[in-house]
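Working notes, beginning with the structure itself.
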Amino acid sequence: MYSHDVLVLGAGLAGMRAALEAARSGANVAMLSKVYPVRSHSNAAQGGINAALTDRGDDWHEHAYDTVKGSDFLGDQDAIEVMCREAGQELINLEHMGVIFNRDDEGRLGTRAFGGQRRARTFFVADITGQAILHVMYEQILKYNVRVYDEWYATTLITDHGRCGGVVAMEMRTGEVHAIRAKAVILATGGLGRVFEPSTNALICTGDGMSLAYRAGAPLMDMEMVQYHPTTLKGSGVLLSEGARGEGAYLINSRGERFMERYAPNMMELASRDVVSRAEITEINEGNDIDGCVLLDCRHLGRAKIMERLMYIHEVAMDLVGVDITKDPVPIRPGVHYQMGGIKTDVDGRCWDPSGGWKGVEGLFAAGETACVSVHGGNRLGANSLLDTVIFGRRSAEAAMDYASANNHLEFSEDNWVGGEKATMQALLDNSGGDLVAKVRLDMATAMDEGLGVYRTEEGMQRALDAVRGMKDRFKNVIVQDKGKAFNTNLIFALELGCMLDCAEAIAVGGIDRKESRGAHSRLDYAARDDENWMKHILLYQGPGDQVTKEYVPIVITQWQPEERKY
């Protein structure tokens with residue numbers, strides 16, 4: 001049996017940062033990913049990474065306040081303080097690893113403005129920042145000879161009496177199923193964007209880690225908080241970076257008006273994402289649209305600036321909708337982009353509370369989008385996601401190594417765990433007469449977009465929840481047409497669908513439960529924020545018979561009391 005001190009699931013930036021930290025400390029660490037590491041979705045992060053550098057006159061307290069306000073006061077302020085206080089050093093660490101950040105005219109690291117922040121504190125590599133950091137990080141992974149199980153798919157966490165001791169995973173090349181033992185497991189498996197359609201997310205963003213943890217007994221927190229990004233391309237939903245608005249691009253409606261003057265007169269296009277997305281949908285619903293879209297106008301930036309700093313979105317707009325953004329505005333609309341909720345963790349990535357305040361799974365850690373340490377609350381600020389990955393990826397590795405050094409491997413029967421997973425897969429392969437995976441997946445994603453979009457109602461969310469629960473029944477008979485073993489992506493898609501249905505149900509249950517409007521959760525039937533009753537997080541547990549049980553924990557407030565949120 002394969003055996004490690006620390007096993008990291010996921011090879012995006014949170015996973016690589018965790019694996020790198022563990023490797024540097026001499027731990028026996030491995031990283032497992034269902035795709036080759038540099039194909040991870042961190043590649044798609046475009047605009048940059050936030051940090052308050054004191055030599056620019058910035059202060060991490062200002063960054064923290066902007067983040068708290070952006071979260072609509074749902075973020076836990078102790079976690080936000082950790083992230084913002086450690087951001088500057090982590091940025092310098094990335095540069096020392098070899099990330100070639102853009103520089104200003106004086107040769108210093110350059111910055112651009114991002115939404116919801118009063119200062120320009122976003123450091124960037126053109127509009128390919130995630131890709132640049134990911135490739136540099138992977139060079140470090142190679143340098144430290146980290147064992148990588150690439151193109152392996154984890155199907156379950158091995159647990160006993162509330163403790164995690166490894167995973168069962170399928171090697172996609174051969175179809176063989178293995179147990180991998182580890183004293184500590186770190187989930188860094190990314191988001192769930194493909195629970196909705198359209199989405200800016202890659203096809204691999206299917207909520208696998210959230211579902212694995214949920215099935216093992218860890219709680220999912222604030223799942224109702226799903227971010228719609230304001231600028232996704234007409235038709236395909238491909239992301240056009242917030243960096244465009246950070247460089248000065250406008251949003252205009254069919255009458256040529258900069259409509260954000262009516263919704264956020266101070267911050268305009270650089271209000272927080274939830275505010276801008278709601279403004280766009282309002283304009284579209286009032287008929288100020290062009291074929292269901294508004295327009296992103298970059299023309300006044302000039303060709304030279306666009307080709308230096310926004311070259312990627314220039315290429316995407318030309319390829320997918322035939323628009324040269326140096327000459328014409330490009331049609332955009334809000335699209336699903338990011339999950340603020342996820343696996344409940346503390347600031348060191350633990351998926352259990354040693355003090356017993358909430359239940360979880362000992363020996364299990366999580367970081368990045370799959371986790372909810374609660375630095376984003378009800379709405380994530382642009383360029384805080386890359387920061388989240390590297391800060392809490394590193395911190396989860398430090399805590400996981402401490403745990404691994406103090407504990408032995410969990411004893412379990414390899415045959416029983418592997419045999420159980422093989423039986424589950426064979427049952428899927430033996431199905432006949434049900435729906436195709438793609439049919440159920442599209443029905444789920446369409447129902448979620450219709451019921452849990454930018455604006456929500458009780459009736460719409462309940463309709464989506466009923467539909468998802470019906471699909472969970474259909475999933476039991478879903479057809480896997482490919483019966484082979486080698487690279488059976490049809491089977492992988494089916495397993496992913498099971499994970500997505502878990503996540504979809506949790507999003508709808510959380511949305512129905514939270515009877516207020518806060519951040520990305522905007523209800524027409526409860527239009528106001530309700531601090532008296534809802535200054536708390538919703539934790540969801542999977543109970544016996546797939547029943548969902550709820551628990552609440554208070555929001556952590558350290559310095560900033562809730563106030564009215566204006567931009």
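The values are calculated or read from the model by the stated rules, or taken from the named source; none is laboratory data. If you're wondering where the values come from, they're calculated on a predicted model, not measured in any experiment. When we count neighbours, we look across all protein chains shown, and the Cβ atoms used for this are built from the backbone with ideal geometry, even at glycine. Remember, those area values only see protein heavy atoms, side chains included, never the ligands or the DNA or RNA. Shrake-Rupley method; radii C 1.70, N 1.55, O 1.52, S 1.80 Å.
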If you go through the range 423-441 one residue at a time, do you hit one that is among the hydrophobic types (A, V, I, L, M, F, W, C), over 26 Å from Leu203 (Cβ atoms) and out of contact with any Asp or Glu (no Cβ under 8 Å at 6 or more places or on another chain)?
yes
Here the residues within the range 527-558 that are in a loop (DSSP other than H, G, I, E, B), surrounded by 12 or more Cβ atoms within 10 Å (Cβ to Cβ) and not β-branched (Val, Ile, Thr) are Arg529, Asp530, Met535
**Item:** Yes/no for Gly302 being modelled with pLDDT under 95, loosely packed, with under 14 Cβ neighbours inside 10 Å and out of contact with any helix residue (DSSP H, G or I) (no Cβ under 8 Å at 6 or more places or on another chain)
**Value:** no
Out of (1) at pLDDT 95 or above; (2) open to solvent by 10 Å² or more (accessible area, probe 1.4 Å), the one Leu452 does not meet is (2)
By residue number, the members of the range 440-479 that are part of a strand (DSSP E or B), touching a residue at least 60 places away in the same chain (Cβ under 8 Å) and either over 19 Å from Ile281 (Cα atoms) or not hydroxyl-bearing (Ser, Thr, Tyr) (or both) are Arg456
Checked Ile204, Ile284 against criteria (in contact (Cβ under 8 Å) with a residue 40 or more places away in the chain, closer than 30 Å to Ala27 by Cα and surrounded by fewer than 24 Cβ atoms within 10 Å (Cβ to Cβ)); the one match is Ile204
The correct count of residues that are at pLDDT 95 or above and not in a helix (DSSP H, G or I) in the range 54-94 is 8
*Do we have any residue at all in the range 482-505 that's outside any helix (DSSP H, G or I) and either without any contact (Cβ under 8 Å) to a residue 12 or more places away in the chain or in contact with a helix residue (DSSP H, G or I) (Cβ under 8 Å, 6 or more places away or on another chain) (or both)?*
yes
Residue count, the range 2-47, condition under 15 Å from Arg395 (Cα atoms), open to solvent by less than 10 Å² (accessible area, probe 1.4 Å) and in contact with a Phe, Trp or Tyr (Cβ under 6 Å, 6 or more places away or on another chain), comes to 0
In the range 207-251, anything of a type in the set (Gly, Ala, Ser), within 28 Å of Ile332 (Cα to Cα) and either open to solvent by 10 Å² or more (accessible area, probe 1.4 Å) or in contact (Cβ under 8 Å) with a residue 60 or more places away in the chain (or both) is listed as Gly207, Gly235, Ser236, Gly237, Ser241, Gly243, Ala244, Gly246, Gly248
Filter result for Gly166 (touching a helix residue (DSSP H, G or I) at 6+ places or on another chain (Cβ under 9 Å), closer than 26 Å to Met1 by Cα and either surrounded by fewer than 24 Cβ atoms within 10 Å (Cβ to Cβ) or among the small types (Gly, Ala, Ser) (or both)):
yes
Across the range 424-449, the tally of residues that are at pLDDT 95 or above, open to solvent by 70 Å² or more (accessible area, probe 1.4 Å) and not polar (S, T, N, Q) stands at 5
Taking the range 298-325 and keeping only residues that are over 18 Å from Gly235 (Cα atoms) and in contact with a strand residue (DSSP E or B) (Cβ under 8 Å, 6 or more places away or on another chain), one is left with Cys298, His300, Arg309
**Message:** Gly349 - would you say it is in contact with a Phe, Trp or Tyr (Cβ under 9 Å, 6 or more places away or on another chain), touching a residue at least 60 places away in the same chain (Cβ under 8 Å) and closer than 21 Å to His537 by Cβ?
**Reply:** yes
When the range 13-47 is checked residue by residue, the ones that are among the small types (Gly, Ala, Ser), out of contact with any Leu (no Cβ under 7 Å at 6 or more places or on another chain), at pLDDT 95 or above and closer than 21 Å to Asp127 by Cα are Ala14
Among residues of the range 343-370 being open to solvent by 10 Å² or more (accessible area, probe 1.4 Å) and not in a loop (DSSP other than H, G, I, E, B), the residue farthest from Gly193 (Cα to Cα) is Glu362
_Against the condition of a type outside the set (S, T, N, Q), free of Cβ contacts under 8 Å to residues at least 40 places away in the same chain and closer than 30 Å to Thr558 by Cβ, how does Gly88 come out, does it pass?_
yes
Out of (1) surrounded by 19 or more Cβ atoms within 10 Å (Cβ to Cβ); (2) under 18 Å from Gly519 (Cβ atoms), the one Tyr65 does not meet is (1)
Given the conditions (1) assigned to a helix (DSSP H, G or I); (2) under 30 Å from Ala22 (Cα atoms); (3) open to solvent by 70 Å² or more (accessible area, probe 1.4 Å), every one holds for Glu411 apart from (1)
- Could you please let me know if Thr129 is touching a residue at least 12 places away in the same chain (Cβ under 8 Å), within 24 Å of Ala404 (Cα to Cα) and in contact with a strand residue (DSSP E or B) (Cβ under 7 Å, 6 or more places away or on another chain)? no
Restricted to the range 100-153 and to residues being among the β-branched types (Val, Ile, Thr) and part of a helix (DSSP H, G or I), the residue farthest from Ala264 (Cα to Cα) is Ile141
| task | Could you tell me whether the range 498-520 includes any residue that is buried (at least 21 other Cβ atoms within 10 Å of the Cβ) and polar (S, T, N, Q)? | result | yes
